[in-house]
Amino acid sequence: RCFMAEVFIDNAKVMAKGQVTIPKKIRDILEIENGDYVTFIVDEGKIQIVNSKTFIEDNIQSRK
C-alpha cells in the first residue's frame, strides 16, 4: 500500500563522468549534507539511495 504523501519523486541529469547532483529537497529529506556519504542499494533493477550514516546505524541496531 502506497500513500502518495510519503512519496517524493524528482529527476537529475547524469553527466559525462556518471555524476548526478542529488536535488536539494532529496538531500533535505535524507538529511545529507556536504561531505556526507550515500549508499546505493541495487535490487531487481531498482536503486535506493540512502544516507550512509543512517544505513549503518539501522543495520547495526538490527543485528543486536
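The values are calculated or read from the model by the stated rules, or taken from the named source; none is laboratory data. Remember, it's a predicted structure, so these values are computed and weren't measured experimentally. Remember, those area values only see protein heavy atoms, side chains included, never the ligands or the DNA or RNA. Shrake-Rupley method; radii C 1.70, N 1.55, O 1.52, S 1.80 Å.
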Of all accessible heavy-atom area on the chain, the percent that carbon and sulfur account for (1.4 Å): 53
Regarding the chain, what is the average projected area of its C-alpha convex hull, in nm²? 6.3
